[in-house]
Every structure is written in structure tokens, then in C-alpha cells.
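**Q** The structure follows.
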Amino acid sequence: MDSISLWQLVALAAASTLVGFSKTAVSGANTISLAVFAAVLPARESTGVLLPILIVGDLLAVTVYRRHAHWPTLLRLFPAVAVGVVAGTLFLLWADDAAVRTSIGAILLFMTGVTLWRRRLAEKESGPEARKESGSEGEKESGPEAGTGRTAARGYGVLGGFTTMVANAGGPVMSLYLLSAGFRKLGFLGTSAWFFLILNVSKVPFSVGLGLIDARSLLLDACLLLFVLPGAYLGRVCVDRINQRVFDRIVIGATVIGGLQLLLI
């Protein structure tokens, strides 16, 4: 982090802008940001630099979508997420950069496959009429489907806590859970905003203890934080113009791209 070139700084600034956009528009797009940070900086150290930037993005998202959160879902997720965070912390004690990238990339692609499979089964059970209705904008903004039970919440919660602790990659996992639970755009964004604000703030002591956040990382953060603001504004402007079906596809597509990047870089 002591010898970052100009083009690397530009790449980090663009990734920071994408953080703001992902927090207020398309959560899965955040995987591209973490892949950029992991490519420019050492993978382990990149998580410490990215965390304060994510927290600023979370604060902006909560400011915009705070009224749309579904708190029963949040309360159901947090115990499992805590287990995942502890497991991720233990993993970071011995894992090297290659292990971090490979593990997160594989988990993201696996969870995408599981989510697509679950959605396909749900569409077959509900029939073509329900699929037609699912593309409309008049359905609920928040609240999970009845078929998404505690087992799914625990599984996604543990994976979300693990991936967010190891590489700040919990966004795609939780995005897949919220999509599979039937959240609409505003409920999706409001619930994820509060979820990640609480989770990312709680990760700070762990990251400091692991040496991932220090004076040098915070100095770099100070140079990058301003780039989050235009991204958040752009996301807020664009989100109302994105069709729900397109929104779902963008989230899943961004997750796949981010997972592949982590496996290949």
C-alpha cells in the first residue's frame, strides 16, 4: 500500500464509486469492487481498506431506505451471521491471499447456482400466471415468502457472515437470500442497508485485531471516501427506473462476474 501507482489509485476510486452505486441500487455489483480492491492490493489487506468505505456506503443507504427494512428477517439472520463472522475470523488467522480469493469465489458461484435452482423450482410450482405477476411493480416491497424458512436463513446467514468477514463479500450471498425470499426492490435495499451497516460496524474490532485496519489503510480510505458519494447519488437516481425482473438479473449477473473474477485473478 506504500507504492500505489496512479492507474491503481484510479481503479480504486472507480471501485469506491461502484460501492456507493451498489448500496443504493444493485447490491450484487459490489462484488466487482471487492475484486478490484483484491487485484490492486494484497487480498487480505484489501479487506481492511474496503471496510470503512463500505460503512460510509451503508450509512448513505440507510439514510435513503431506512423505512423499508424488514426487521423480522434481520433478527432471524443475525445469530447465524455471528457464527459465520467468528468462523471467518479463524479462517483469516491462517489463510493466505490465494485461499481467500478461491474460497470466496467458489462460495459465490455455488450460492448463485443454489438460488437459481430454488427460483426455478418455485416458478414450476407457481405456474406461468404467477411468473407473469412477479414482473409487475405492484407487489410487496418487503417481507419474505412463506416458503423461505429458518433453515435457509441459517445457511445463508452463516455463509454471509463468513464471506463478509473474510473478503467483505457478504453482499452477494445476502442478495441471493433476499431474492429467494421474495423481496421487492425497496424492501431488498432497506433490509440489506440496515443489515450491512450493523454487520460492518461490528466487524471493525475484529479487523483491527487482525491488523487489517491501521493508520496506513485509513490514510488510503481518506483519499477514497469522497468517491462513494457520487456513486450513491447515481444509484438512487437509477433504482426507480430499473424493472424488477431486470433488477433480479443484474444482481445475479453481478454475483457471477464477481465470483469468477475472484477465482481467476
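The values are calculated or read from the model by the stated rules, or taken from the named source; none is laboratory data. No experiment lies behind these values; they were computed from the predicted model shown. Glycine gets a Cβ as well: all are built from the backbone with ideal geometry, and neighbour counts include every protein chain shown. Accessible surface areas use protein heavy atoms only, side chains included; no ligands, DNA or RNA. Shrake-Rupley method; radii C 1.70, N 1.55, O 1.52, S 1.80 Å.
**Q** With r as the distance between the Cβ atoms of residue 219 and residue 59 and R0 = 25 Å, compute the FRET efficiency 1/(1 + (r/R0)^6) and round to 0.05. Working shown, then result.
**A** Numbers: r = 20 Å, r/R0 = 0.82.
E(calc), rounded to 0.05, equals 0.75.
**Q** What residues have an amide H closer than 5 Å to that of residue 70, excluding those fewer than 5 places away on the same chain, when H is modeled at 1.01 Å from N in the peptide plane?
**A** Excluding prolines and chain starts, which carry no amide H, the hits are 191.
**Q** What nm distance separates the two modelled labels at residue 11 and residue 110, each placed 7 Å from Cα along Cα→Cβ?
**A** 2.8
**Q** Hey, another quick one. Of 212, 242, 229, which is farthest towards the positive pole of the stretch 200-265's charge dipole, taken about the Cα centre with +1 and -1 on the beta-carbons of Lys, Arg and Asp, Glu respectively?
**A** 242
**Q** Using θ = phi - 60° and the Karplus form 6.51 cos²θ - 1.76 cosθ + 1.60, what ³J(HN,Hα) does each residue of the stretch 99-107 get, whole Hz, x for Gly and Pro?
**A** Working through the residues one at a time gives 5, 4, 4, 5, 5, 5, x, 5, 5 Hz.
**Q** Then there's this: If I compute solvent accessible area with a 1.4 Å probe over the protein chains, what percent of it on the stretch 1-103 is carbon and sulfur?
**A** Working: 2810 of 4100 Å².
Whole-percent figure for carbon plus sulfur exposure: 69.
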